[in-house]
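The values are calculated or read from the model by the stated rules, or taken from the named source; none is laboratory data. Just so we're clear, the structure is a prediction, and the values are computed from it rather than from any experiment. When we count neighbours, we look across all protein chains shown, and the Cβ atoms used for this are built from the backbone with ideal geometry, even at glycine.
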Amino acid sequence: MASKYDGLARIIIQNVGGKGNVTALTHCVTRLRFKLKDESKAQTDILKETDGIVTVIQSGGQYMVVIGNHVPDVYDAVISVGHFGPEITGGGGGASAADDDGPKEKQNPFNAFVGIVTAVFTPCLAVLSACGILKGFLSLFTYFGILSEASGTYVILYALADSFFYFMPVLLGYTAAKKFGLPEMEGLVIGATLVYPTVLSGSLGVAFAETPFKFFGIPITMPPAGDYTSSVIPIICAVAFAAFIEKRIKKFIPDVVKTFIVPLITMLITIPLTFLVIGPIASAAASLIGAACNALLGISNVLVGVVVGAFWQVLVMFGLHWAMVPIALNNMQTLGSDVILVGMFGTTFAQTGAVLAIWMKTKNQKLKQLAAPATISGVAGVTEPAIYGITLPKKTPFFLTCGVAGIAGGVLTGLGVRSYQMAGMGVFGYTAYINTATNDISGMVTAIVVSILALVASFIVVFLTYKDDAPKKKETAPAASSDAATAAGGSLSAPIVGEAIDLSQVKDEVFSSGALGKGIAIDPEVGEVYAPCDGEITTFFPTGHAIGIQADNGAELLIHVGMDTVQLDGKGYTPVAKQGDRVKKGQLLLKFDIDYIKSQGYTVVTPIIVTNSDDFADIVPEASGKVTTDSKLLTLIK
């Protein structure tokens, strides 16, 4: 399921150096703890300036992104978006797409569909785009008389360009087999059977006397196109069915013959049923999808382009754009062209224009260094560095580019531009709009003009509106007497017996800087934590080292026993209460072994933080020197 933190998760992954730079990921009560291959690849300044991130700390070989109390939700989003498996997370922290063993998380049909599409098409897109680009260039070469269609050079290059599209069932058979858990060779054979030459001839009534084509006397209905070349949905359905059958029959086959008997039975069942049932039904579904797209376009071409263009980057953020790929390919096969993906073409150019404007206007040298390569990659259609590194963290430029992309999409579809093959992104996507059947390049010319206008428009609006973030300044509220404060907001008692120390003396920047909120710290003399007020335990970290309390006086408290003690994995800590408990002031919550924790190299200095300090005019420390659980520790001023 999509999370409201998915966008933040993508920003974090992008700016810690990408998924490939992460070797381990855990979290404690306030921060994500990454272990990175190369910390120099992380864009720390960008992360620190991103809404939803308090700060970033690099210490002890860990790269820590401080989130706050909702870090578990952000952690789950990072795991889901990044598809981090147990080799990264240590087996904890929720489901991962990489977890093939063990129970599977239930998904709604749409999410399951997106997952299938992602797994089946991701390995293909680079080569598919390359072939589409070449196919478009060949049309240009013949249009301008550079190559003759009768030449051997053209024939060989066209065979390369068209091979993927013609044999698509074979190639998708391989990737679909990997997705559904069928041996890849079986997926290849199923796809190859669908495009076998005599089967194609049989579908046309050329090689066989019987008409229509039959299997044991049962008529076979071929797709409206006459064969399964370039088809998408039938092969995916066939492989899914084969995987379903094989997993069940292999239980009953003796091991001594299982190696060849299982694939024999699987394909003997799957192939005939594909031609008789699965293929016709899947082809009918493909035709219905094409008809539905045509009906949608019949309502308003412009509206389709505006919606797709404006929301494309949002779909990308949640991984939902994959759902458009098979629809586009299906339209190209059943209708000869597609309009759905035309609407998104201006998106990469709008992003590039925005980043170029920020590059020109910002005085932030770190941002300039990020914007330069992001602009270059954006021209080539790779916009992730631009989105997650620059425009999305800044928010306003991102929304402006969505608006420009929506207008560009509406103009393209309104002018009747269609894509005839998959191609690249950015400037490498122009050849998608060449009608290779007629060598008509008018669609490509229109796409070039509109994309340039989108880049220029985005540059102008972002250049005129962009401002560097002002340096963050800490606000100091006016002092007030503790008596008045008590009446206005209440007070908190010391939860630990020990020595009270100023928060700035804590040897952890997150706490000492006040980034998580105002408060005080105690160096414990007794290894016990008591409730400093009446309230509810909202967080009791499994390792026992941190407790979150929602106080009845409105304060949200964090009691963090020691620094980096999450690494002890609960050793030395004995919880007495639990998350969700209602507690009274002075109630024992936790016992901890001071000597053991210190023997492991950790300090037991304990910050007591009011994490919602902004809800109060001031948080006034009242204690110094030795404190007991009867001592007033903090006064809250509303």
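General remarks:
- Residue check for Gly429: modelled with pLDDT of 90 or more and in a helix (DSSP H, G or I): no
- Candidates are the residues of region 434-469 that are part of a helix (DSSP H, G or I) and without any contact (Cβ under 8 Å) to a residue 40 or more places away in the chain; the one that is surrounded by the fewest Cβ atoms within 10 Å (Cβ to Cβ) is Leu464.
- Leu335 vs. criteria surrounded by fewer than 21 Cβ atoms within 10 Å (Cβ to Cβ) and either outside the structural domain of Val411 (by TED's automatic domain parsing) or in contact with a strand residue (DSSP E or B) (Cβ under 7 Å, 6 or more places away or on another chain) (or both): no
- Any hit, region 298-310, residues being in a helix (DSSP H, G or I) and either among the basic types (Lys, Arg) or farther than 30 Å from Phe428 by Cβ (or both): yes
- Test for Ala292: is it assigned to a helix (DSSP H, G or I), at pLDDT below 90 and over 21 Å from Phe180 (Cβ atoms): yes
- Enumeration of residues in region 597-634 that are in a loop (DSSP other than H, G, I, E, B) and over 20 Å from Phe511 (Cα atoms): Gln600, Thr628, Thr629, Asp630, Ser631
Table: residues versus (1) under 30 Å from Ala42 (Cα atoms); (2) at pLDDT 90 or above.
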residue	(1), (2)
Tyr388	yes, no
Lys394	yes, no
Leu400	yes, yes
Ala423	no, no
Asn439	no, no
Val445	no, yes
Ser451	no, yes
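- Val404 touching a Gly at 6+ places or on another chain (Cβ under 6 Å) and assigned to a helix (DSSP H, G or I): no
- Pairing each residue of region 142-165 that is not assigned by TED's automatic domain parsing to the domain that holds Met422 with any residue that is among the aromatic types (Phe, Trp, Tyr), provided the two are 6+ apart or on different chains, yields C-beta distances under 7 Å for Leu147/Phe141; Leu147/Tyr154; Ser148/Tyr154.
- Residues of region 224-233 include at least one that is of a type outside the set (S, T, N, Q), at negative phi and in a helix (DSSP H, G or I).
- Of the listed requirements (1) crowded, with 18+ Cβ neighbours inside 10 Å; (2) closer than 24 Å to Gln550 by Cβ; (3) modelled with pLDDT under 85; (4) out of contact with any His (no Cβ under 9 Å at 6 or more places or on another chain), Cys28 misses just one: (4).
- Residue match in region 359-376 (condition: under 14 Å from Ala454 (Cβ atoms) and in a helix (DSSP H, G or I)): no
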